[in-house]
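Here is the structure we will look at, set down as structure tokens.
The values are calculated or read from the model by the stated rules, or taken from the named source; none is laboratory data. Worth saying up front: this structure is predicted, and the values here are computed from it rather than measured. With ideal geometry, Cβ positions are generated from the backbone for all residues, glycine too; neighbour counts draw on all protein chains shown. Heavy atoms of the whole protein, side chains included, go into the accessibility calculation; ligands, DNA and RNA do not. Shrake-Rupley method; radii C 1.70, N 1.55, O 1.52, S 1.80 Å.
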Amino acid sequence: MPMHIDFYFDPICPWCWITSRWLLDVQEHRDLEVTWRPFSLFVKNDKQPGDRGYDRYLGTHRALRVVEAVRERLGDGPIEALYTELGRRIHHDRERPLDFVAALAAEGLDAEFLAAADDDAWDDAIARSMKDALAVAGEDVGVPLLVFPNDQGFFGPVMSPAPVGEAAAEMFDHIAALASYECFWELKRDRQSSPEFGPRP
């Protein structure tokens, strides 16, 4: 039986992007099933017009609306690939503003999903997902965020560059082991480097 992980993401976060690529690498070495779930930093950080990065945060919040519209119609299956396409455009290609139509087309998804970007009815699905994450990991978190089968979750891991191959899998084993201890809360140190993405997927 595969281990099931919920991975909460906002496409805007470079650290989340690195962790997501690491998790895909882990899947090559461990029997792991991942559900990719939305977590809006636009909402969590209460971004307001005039705030630094407002337009970019709003842009990826709109992207999460599209993600949820795709999920409702087609299930979880396309979400990993759609997030990958969004991430490569945001973090590797520095595409601003994000071309939703091209991103959908690249994954063979209908351009009609674009209508969800400006439909705040999808915010309810995003809010429910965030509520689930925060119920596990607490309010003082963002993304990346992992939730394990025993409903133990962590903000992180935050890394740069991410280990690859068996080293990636070994790191996951250690994190999963920590998640098995209900008494474990936190490890942290200051980041000493900028995000290093590795090759464009």
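By the Cβ-Cβ criterion of under 4.7 Å, the unpaired cysteines of the chain are Cys183.
For the stretch 1-102, which trypsin sites (Lys or Arg not before Pro) are in a loop by DSSP, counting at most 11 other Cβ atoms within 10 Å?
Details: sites: Arg21, Arg30, Lys44, Lys47, Arg52, Arg56, Arg62, Arg65, Arg71, Arg73, Arg88, Arg89, Arg94; in loops: Arg30, Lys47, Arg52, Arg94.
Those that pass, being in a loop and sparsely packed, are Arg52, Arg94.
Remark: C-alpha extents of the stretch 75-135 on the principal axes read 34, 24, 24 Å, sorted largest to smallest. Dipole check for the chain: with +1 at the C-beta of Lys and Arg, -1 at the C-beta of Asp and Glu, and the Cα centre as origin, the magnitude is about 600 Debye.
As a check on your grasp of the helix formula, calculate [θ] at 222 nm for the chain: sum -39500 (n - 2.57) over DSSP H runs of n ≥ 4, divide by the residue count, round to the nearest 500.
Numbers: 7 runs with 84 residues, N = 201.
So the calculated ellipticity at 222 nm is -13000 deg cm²/dmol.
In Å², what does the accessible area per residue of the stretch 4-78 work out to with a 1.4 Å probe?
Details: 3110 Å² over 75 residues.
Accessible area per residue, the stretch 4-78: 41 Å².
Close amide H pairs (under 5 Å, H built 1.01 Å from N) link Val34 with Ile5, residues at least 5 positions away or on another chain.
Projecting the Cα positions of His61, His92, Ala105 onto the charge dipole of the stretch 38-131 (unit charges on Cβ atoms of Lys, Arg, Asp and Glu, taken about the Cα centre) puts His92 furthest along the positive direction. Distance between the pseudo-spin-label points of Tyr181 and Arg200 (7 Å out from Cα toward the beta carbon): 4.3 nm. For the Cα trace of the chain, dividing Rg by the Kirkwood Rh returns an Rg/Rh value of 0.94.
When the solvent-accessible area of the chain is split by element, carbon and sulfur atoms take up 49 percent of it, the probe being 1.4 Å.
Counting DSSP beta bridges in the chain, what percent are antiparallel, to the nearest 5?
Values: 6 of 13 bridges.
Within the chain, antiparallel bridges account for around 45 percent of the total.
For the stretch 44-106, the alpha-carbon coordinates run over 36, 25, 16 Å along the three principal axes, in decreasing order.
In percent, how large is the relative contact order of the chain, given Cα pairs closer than 8 Å and 6 or more residues apart? If you can, show how the numbers build up before the last one.
On the way: 278 pairs, mean separation 63.2, N = 201.
Contact order relative to length: 31 percent.
Considering every alpha-carbon pair of the stretch 1-97, the percent of pairs per 5 Å bin, from zero through the bin containing the longest distance, is 2, 12, 23, 24, 19, 11, 5, 2, 1, 0.
How would Ser20, Ser160 rank on accessible area, largest to smallest, probe 1.4 Å? Show your work: numbers first, answer last.
Values: Ser20 0, Ser160 30 Å².
Sorted by accessible area, descending: Ser160, Ser20.
Averaged per residue, the stretch 155-201 has 76 square angstrom of accessible surface, using a 1.4 angstrom probe with ligands and nucleic acids left out.
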